[in-house]
1. Test each condition in (1) over 23 Å from D73 (Cα atoms); (2) more than 16 Å from the ligand (Cβ to nearest atom) for A360 and report the one that comes out false.
2. Taking strands (runs of 3 or more DSSP E) that fall entirely within region 82-197, which contain at least 1 residues that are farther than 18 Å from A208 by Cβ?
3. Taking A122, is it away from the ligand (no atom under 14 Å from the Cβ) and under 30 Å from N370 (Cβ atoms)?
4. Are any residues in region 270-285 in a loop (DSSP other than H, G, I, E, B) and in contact with a strand residue (DSSP E or B) (Cβ under 7 Å, 6 or more places away or on another chain), and if so, which ones?
5. Which condition number in (1) aliphatic (A, V, I, L, M); (2) surrounded by fewer than 24 Cβ atoms within 10 Å (Cβ to Cβ); (3) under 14 Å from V292 (Cα atoms); (4) in contact (Cβ under 8 Å) with a residue 60 or more places away in the chain is the one that V342 fails?
6. Report, by residue number, each residue of region 304-349 that is outside any loop (DSSP other than H, G, I, E, B) and within 14 Å of the ligand (Cβ to nearest atom).
7. From the list E145, E101, E95, which one is within 15 Å of the ligand (Cβ to nearest atom) and in contact with a Leu (Cβ under 9 Å, 6 or more places away or on another chain)?
8. Go through (1) in contact (Cβ under 8 Å) with a residue 40 or more places away in the chain; (2) more than 27 Å from G350 (Cα to Cα); (3) touching a helix residue (DSSP H, G or I) at 6+ places or on another chain (Cβ under 8 Å) and name the single condition E273 misses.
Amino acid sequence: MRPIRFATAALATAALSLPLAATSAAADAPSDLRTAPRAKDQHERLRSAAPDGFYVGTAVAGGGHHLEQDYPDPFTSDREYRKILGQQFNSVSAENQMKWEFIHPERDRYDFEAADAIADFADRHRQVVRGHTLLWHSQNPEWLEQGDFSKEELRSILKEHITTVVGRYAGRIQQWDVANEIFDEQGNLRAEENIWIRELGPEIIADAFRWAHEADPEALLFFNDYGVEDDNAKSDAYYALTQELIAEGVPVHGFSAQAHLSTRYGFPGGLEENLRRFDELGLETAITELDVRMDLPESGVPTDAQLEQQADYYQRTLSACLAVEDCNSFTIWGFTDKYSWVPVFFEGEGSATVMTEDFARKPAFHALYNTLLDAKKKDCKKHWKGWKKDWRR
Ligand code: G3I
């Protein structure tokens, strides 16, 4: 286990020792960033601090992706992990367990065990579930990617998959990431990488939404991607596509930014405005996979300044979502470094989540808690004022 040093320095002090990008990010950070625990740290619960109707979620670790660690599925084996998962969050997302290669390992066989366990856990803990994902270029089983299927067969395979998976959890999934990462950085459809778009054309995207809606009319259906936090070529492509689909009456309900951030880069300052333009189209918006990775010093222990900068990014992402009317779902991609995907995918980087490997809370955790609590208080004040006005009439 790596020890962690809790940051006590005020952000202003920390900013002095940060590199250029970090300094400018910190300079326009809200002055009320509070990253210290409130009085009774152990009683801080993100889900209780959240305003009514706001969902604060985490990915449920899929297990096994620390290359050097051959551990069993943490969701079923780690009691401390499960306890925190139930206490802190009122929304959960399947990190891997609902992806094609997990849930549909053979042409004629589905494996619902891990996904069912998440849905059951969520029911027991009064949590909603985000389903992830139905149409993606990655983590597809070999039988699908290497299979020699005709276009008609592929279309019926996708329809059957969506109908079966969405149908199984109908009424139990709040939001589905129907189409995941369909555009590249230039805003072009991933026409080569994505088997569905390559073989069946872009029209298949609308069909996927229609089939999902038929299978569960209550679920909110989303486009989900990374690198779309700011207004840029990729998010513009989603903006144009969602407008088109809405005009055609396709049941698209939401646009979500994953928000895999890194302290190497400045904070995506256009996030709130970008979410707002989708909100103005009548869509729900969401943050679905937030984590903030950093370059680790040789000791492996982040400095106070790094942890403060990370807390700042977490807080600003949450604030952007809270500021947009129909951004009601805010999910972090795992809550402990113990099971984070980051160190495996980014050499030398890590510490991306809000808790250490032994579940100690970082400044980022407190920043989220304090921001949620402040939003809840403001909300209560607003309702109270409204109620008083109505009552006087
Ligand atoms: O299941 C195998 C296991 O049998 C094998 O022993 C082990 C050895 O490496 O690998 C296991 O599969 C791994 C899988 O996670 C489950 O643990 C894959 O190698 C590994 O690549 C996979 O990584 C996942 C990654 O998506 C793949 O694209 C991460 O856990 C998951 O956090 C990440 O999540 C994605 C979102 O779905 C979409 N947005 C980006 C985000 C981060 O990449």
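1. Every listed condition holds for A360 apart from (1).
2. The strands (runs of 3 or more DSSP E) meeting that bar are 91-94, 128-135.
3. yes
4. Once the filter is applied, which keeps residues that are in a loop (DSSP other than H, G, I, E, B) and in contact with a strand residue (DSSP E or B) (Cβ under 7 Å, 6 or more places away or on another chain), region 270-285 yields only L283.
5. Of (1) aliphatic (A, V, I, L, M); (2) surrounded by fewer than 24 Cβ atoms within 10 Å (Cβ to Cβ); (3) under 14 Å from V292 (Cα atoms); (4) in contact (Cβ under 8 Å) with a residue 60 or more places away in the chain, only one is false for V342: (4).
6. Let us first name the residues in region 304-349 that are outside any loop (DSSP other than H, G, I, E, B), namely 304-323, 327-332, 336-339, 342-345, 349.
If the condition is that a residue be outside any loop (DSSP other than H, G, I, E, B) and within 14 Å of the ligand (Cβ to nearest atom), then T331, I332, T336, D337, K338, Y339, V342, P343, V344, F345, E349 are the ones that fit.
7. E101
8. With respect to (1) in contact (Cβ under 8 Å) with a residue 40 or more places away in the chain; (2) more than 27 Å from G350 (Cα to Cα); (3) touching a helix residue (DSSP H, G or I) at 6+ places or on another chain (Cβ under 8 Å), E273 is out only on (3).
The values are calculated or read from the model by the stated rules, or taken from the named source; none is laboratory data. Quantities reported herein were computed from a predicted structural model and do not represent experimental measurements. Neighbour counts are summed over all protein chains in view; Cβ atoms, including those assigned to glycine, are modelled from backbone coordinates with ideal geometry.
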